[in-house]
1. Using a simple spin-label model with points 7 Å from Cα along the Cα→Cβ vector, what separation in nm is obtained for Arg178 and Ala248?
2. Would you work out which of Leu355, Val261, Ser311 lies farthest towards the positive end of the dipole of the chain? Charges go on Cβ: Lys and Arg +1, Asp and Glu -1.
3. Under a point-charge model restricted to the Cβ atoms of Lys and Arg (+1) and Asp and Glu (-1), what is the dipole moment magnitude of the chain relative to its Cα centre, in debye to the nearest 20?
4. Rounded if a/c is under 1.5, else prolate if a/b beats b/c, else oblate: with a ≥ b ≥ c from the C-alpha gyration tensor eigenvalues square-rooted, which is the stretch 59-368?
5. On a full-extension model of 0.36 nm per residue, what is the gain between Thr208 and Asp24, subtracting their alpha-carbon distance, rounded to one decimal in nm?
6. Given contacts defined as C-alpha pairs under 8 Å and at least six residues apart, what's the relative contact order of the stretch 59-368, whole-number percent?
7. With each label point set 7 Å from Cα along the Cα-Cβ vector, what nm distance links Tyr278 and Ala119?
8. Could you order the peptides 136-143, 210-217 from most to least packed, using the average number of other C-beta atoms within 10 Å per residue?
Amino acid sequence: MSQDATDWIRLEGVRVIDPFRGQDQEGDVLVGDGTFQEPTLSPRSRVRTMSGRGLWLVPRLTDMHVHFRAPGQEWKEDFQSGSMAAAHGGFSVVATMANTDPVVDSVSLIQWQKAEAQALGLVEVVPIGAVTKGLGGEELAELWTMEQGGAGGFSDDGRPVASSALMRAALSYSSTMRHPIIQHAEDLELSHLGVMHEGDVSGRLGLTGIPLEAESAMVWRDVQLAALTNGRLHIAHISSLGALEALAWAKSRGLKVTAEVAPHHLFFTDARVDSPAYDTATKVNPPLRPDNVRQALLAALKTGLIDAVASDHAPHHADEKDRPYAQAAFGISGLETSLAAMITIGLGEAEMTPLALFERMTRAPHRILGMDYGGVVAGARADFALIDPKARWRVEPAGWYSKGKNSPWMGTELTGRVISTMYGGHWTLQEGEVVRCVQL
Ligand SMILES: [Zn+2]
């Protein structure tokens, strides 16, 4: 399918699931000049008509937690491979974490990352700046300057902000900002040397465990600091019952506290580490948890206690995973499975409505990151994924665009496939292939 830049596109009979407007209905969608247009309009340009029968159109899928590894670790991922993976996954917006080398703790690196993404034109990148200089945990980075330069939030992700005094100071700043402090909640003394969840399975495998309390103790501290400062706190990759209780406590008091959950914590349990035993594709931080926790996380996503889904896309080179379990790198490459994993488990086991599920993957991350978007309305930038909700497919990371093939879903059958992705009125993915790849 070739496409002239001036062509308009009419999608007929597509099911538009638009959480930004709270609407789920079938209809026609017209795209021209980079934006959605009134479907009744008769444009002067040539119009290519496509059938959208049986497909879902979801605007602005947003993954608010990814690692693109640039600058400094381009053997794991770079902006080109990461952006292509995002387009393949159906995403229009991703927020990139700051734990690169050098660390993104200055406005110049924020702007460099935005420029890299803009030159590629495949996905909008919202850089997250570091909370502390060099992720050193000792001195606050220049949060306000980075916000002015386009940072969508602040996080030392990969590490927690361990110091209570620094966390208090960061949250105080955030009380007057539009963007949150995103905490990777982990008490490093409690998780010390742990490589998987602490429980029966870790005992059987002889691996050092990470207790649930390594997360929940820090989340309880942080919600209290959010109350003290009226700060804007977002909890990354929530994975414990105690953290859910702290989140509920914070929300019941009307605090500006939000949370995200990763698909792997909803899909797998720590039993997967033993099946097959010591599969390093399962090694992730926070670790895969027992089934009672997994079910509680899924229920909390359904009720909206957990606001958003984010993949924590953490690509690694094969050599960094092809090691004994204790020495392998933490992380799962998640951009190219996130949507299908959520359709499979969110609409399946959790029986969420598509509108509710996609709200957690579009409007909620926009709200948390302080971004505005109108949805599928005339004048809004045409960003959307076209999804075949019934397609079943087997996960084969070898064919991915991400350099990171580290996935516990390898060989798993999932339901729901991204057919095409449009970003800024241009196809970035057509029939499963990334089509707009600018070579730098
Ligand atoms: Zn993290």
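Each reported figure results from applying straightforward, stated rules to the coordinates on display, with no laboratory input. All values reported here derive from a predicted model rather than from experimental measurement. We place every Cβ from the backbone using ideal geometry, glycine too, and count neighbours over all the protein chains shown.
1. 3.4 nm
2. Towards the positive end, the residue furthest out is Leu355.
3. On the way: 39 positive and 53 negative charges, 162 e Å.
Dipole size: approximately 780 debye.
4. Rounded.
5. Between Thr208 and Asp24, full extension yields 61.6 nm more.
6. 16 percent
7. 4.3 nm
8. On the way: 136-143: 16.1, 210-217: 22.0.
Peptide ranking by packing, descending: 210-217, 136-143.
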